Amino acid sequence: MMEERKTKDFPRSDSASGSSDQVVRTIGLSKSFGEVRAVADLDLSIPRGCVYGLIGPNGSGKTSTIRILNGLIRANAGRAWLLGEEVPVHVNICRIGYMPQEMAIYAELTVLENLELFAGMYSLNKESLAQRADALLDMIDLTERSDSLVSTLSGGMKHRVSLACALVHDPELVFLDEPTVGVDPELRMGFWDHFSDLKRAGKTIVLTTHYMDEAVRCDRVGMMRLGRMIAEDTPRGLMESTGETHLEDVFLHKAREGSA
Amino acid sequence: MNLVRAYAIALKTLRSLKHDRRTAGFLVLMPLFMIAIFGYTFGGDIKDVDVVVVDLDAGSANGSVAALIREDLAGRDVLRIGTSEDRDEGMNAVKDGEAWAAIIFAPEFTVRVEEAIEASRTGSSAAPATVEVHIDASNPNIAQAVVAELQTAVQAVLVGYYGANPAITVSEDRIYGEDAEFIDFFAPGVMGLAAMMITFMLSIISFVRERSTGTLDRLLATPATEGEIVGGYALAFGLVALVQSAVILAAAMLLFQVSIAGNALLVLLTIFLLGIGSQGLGFLLSSIAKNEFQAVQFTPLILFPSILLAGVFWPLEAVPDLLRPVSDFIPLTYAVDACRSVMIRGWDAGEIWPQLVVLAGFAAGTLLLSAYSLKKRG
């Protein structure tokens, strides 16, 4: 597991993690795959009700971070807490949603059957499933296609089903790994509307993207490069501190600083 | 037809093989594996069939004909001969499945042989002497081999020592498999083979897909435990195996008049356990396969040994010594044996429990290993 725990000085677990409003917190999180350092000494602190964007190019460690937080891989060092519980999370796991980078839904099942499967994983009863399914199908605008096999849907529709599966148990913290990659601009707008709705409902969203232009819509942005966090602030704060007008330029600016 | 484009397609195809080393190696090694396994297996004759000889022959002043026949049988390796002094003990060994046949020489055997030879010399008539063979014909190949071997020995002794012929008959009595034909023998084997192969393939392909599409990760990020995921699959594919075997059983009964001497539910239980174990095996191998193409390559590796070495079409006694230990490691061997014992011999759980224990161990072992391998994350 986390054999080489960091001896870094941090407050005792309760206040470090938990009852405070930091729904995601990591200290010195590190992960290597052989020689490659995917995540290096990452400190994260994400407040409740925030739309947080982890941005950076492919291979910068965004996905590895998300996978560690969801218990799919184990960190080599450092600690992490979700909703006050140390990762890997067990007690609070029903309050967390995860949409992986791949489509990750069953193409050979119908839209509704996919929702039913994931509802089953969270032990939702029939009535709450029916309610959630109706609301989610409405949200992703696929009510008419609920009995269609996923394999017959367009790419954009599949993306929306995948998002719905991550939200079926009404989680208060949602991880979305590249939710908008390969999604057309119109649908992307729709996705961001969903995210705003979730935020309004008090949910916390952690998403990764390499579209810097859409990261502007996040409340806070963490820029990752080669496993390290090179900058973190509100999008406005990042632009002001570097004097750039696009997040893309902020990233390049910070990347130059880092390698200089 | 543009040859340049066809050439480009050919080049691309060979190149992709070059990059997939495992597949390239498979293409070369698979034929070797096949020729080796088929060659060795077909090269094997039936041997070491366990039989019990009950020699009650009192002999005559000239010695014992039964002893000569036994000596002749022992000189070859088709039969592995155990002895008993008691008729019932010999028959029970067959009933309990410890021996395939009991060969019984009556006390007056030699006397009868000599009378028959004398009679044929003088032209009068006398009934020939009889060797009784009480046989378990649940495996027709073996039953034939035993009877043929006994006939050969009788002929050899008569011609060699007495220079006379029709003095002895072999009287055959079937303890099991009274009306057994080859289809009765095949049906349980085919049922086991089908259940094993289908669940194995369904499982390995499903899990390769679960891994490559990310759905497995997604399931693991929910409260579902590794055991629940693996157990859920086992339940589904165990049921698939059950439905399949029910179909095969029904077809065998209706189309081929195969009869089931024992309890059909016991057959289904056997197949259910085999199906669960096979799906577990499929899961374990799915973690080594990077894509569906590599997954498919495991199929012949599992399929051919199962066909050839598990006693599906040929008795285990025909598997050459070199490969006999392999048969003991193939779960299908135990499933086929158990199904055959129930269907032809009419055996009950009390007799096939060792096979059931092996199959339950196989199922439990692959499931636990599967759950453990999911739990162990990098």
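Among the GluC sites (Glu not before Pro) within region B:166-239, those in coil by DSSP and having at most 16 neighbouring Cβ atoms inside 10 Å are B:E178, B:E181.
The trypsin sites (Lys or Arg not before Pro) found in region B:32-100 that occupy coil by DSSP, while having at most 13 further C-beta atoms within 10 Å, are B:R76. Within region B:49-176, antiparallel bridges make up roughly 25 percent of the DSSP beta bridges whose residues both belong there.
Extension gain, B:S124 to B:V159, is 10.6 nm, computed as 0.36 nm per intervening residue step minus the present C-alpha separation. In terms of surrounding Cβ atoms within a 10 Å radius of their Cβ, B:H19, A:H210 rank from fewest to most as B:H19, A:H210. Of all DSSP bridge pairs formed entirely within chain A, close to 55 percent run antiparallel. Cβ under 14 Å from B:L309's Cβ, B:L309 left aside: what net charge do those residues give with Lys, Arg +1 and Asp, Glu -1? Residues near B:L309 contribute -3 overall. Distance between the pseudo-spin-label points of A:N92 and B:K12 (7 Å out from Cα toward the beta carbon): 5.0 nm. Annotation: the residues B:I271, A:I230, sorted from fewest to most other C-beta atoms within 10 Å of their own C-beta, follow the order A:I230, B:I271. Residues B:D20, B:D72, arranged from fewest to most other Cβ atoms within 10 angstrom of their Cβ, appear as B:D20, B:D72.
Over the residues of chain A, the helix contribution to mean residue ellipticity at 222 nm works out to -10000 deg cm²/dmol, using -39500 (n - 2.57) for each DSSP H run of at least 4.
Beta bridges assigned by DSSP with both partners in the protein assembly as shown are antiparallel in approximately 40 percent of cases.
In this structure, the pairs whose alpha-carbon distance is over 31 Å, taken from B:K12/B:K290; A:K158/B:K18; A:K31/A:K203; A:K254/B:K18, are A:K158/B:K18; A:K254/B:K18. Net charge in the neighbourhood of B:A180 (other residues with Cβ under 14 Å of its Cβ; Lys, Arg +1, Asp, Glu -1) is -4. Given R₀ = 35 Å, FRET efficiency for B:Y372-B:A264 by Cβ-Cβ distance, to 0.05? With R0 = 35 Å, the Cβ-Cβ based efficiency is 0.50.
In the neighborhood of A:T180, defined by Cβ-to-Cβ distances under 13 Å, what is the net charge if each Lys or Arg adds +1 and each Asp or Glu adds -1? In short, -4.
Bear in mind that the values in this text are calculations on the coordinates, not laboratory data. Please read all numbers here as calculations on a predicted model, not as lab measurements. So basically every Cβ, Gly included, is an ideal-geometry build from the backbone, and we count neighbours across all protein chains shown.
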